[in-house]
């Protein structure tokens, strides 16, 4: 099995806030991430596809096509946006990285299948900061 990855970047704002809780409880649980005026990150998304190279091209996935799909389906929707307010696939959901990467998977898995004859989406790794990231392998999607 061969694993091929593509890295994309985007900037976005969000707020971690549970509307069922008081402002005090939100501040206690989420700290400055519950800031009423939002906060932002320079996100990095790594999309990994796994498969066997196509005998005609030698590719598991055409990285140019993968980049186009990721940009069209995800990056254009989240870059310089407020994840809580502006992103259709995040409406009504907690804007944590865990939820965000789960929702991205649901969009990218079928899109990758369309461009990849011999492979499939293997993982998404989403860096919120240089030290904090989440990784998802499609379980429970």
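What is the distance in Å between the Cα centroid of segment 1-35 and that of segment 64-141? Comparing the Cα centres of segment 1-35 and segment 64-141, I get a distance of 14 Å. Tell me the label only: which of [x] 0.98; [y] 1.04; [z] 0.94 is Rg/Rh (Cα atoms, Kirkwood Rh) as calculated from this structure? So the structure-derived entry is [y]. Helix 97-115 and the longest principal axis of the Cα set of the chain meet at an angle near 20°.
Considering only 91, 78, 49, the Gaussian network model of the chain with Cα springs below 10 Å gives its largest mean-square fluctuation to 91.
Since every read-out is calculated from the coordinates, none of them should be taken as a lab result. Worth saying up front: this structure is predicted, and the values here are computed from it rather than measured.
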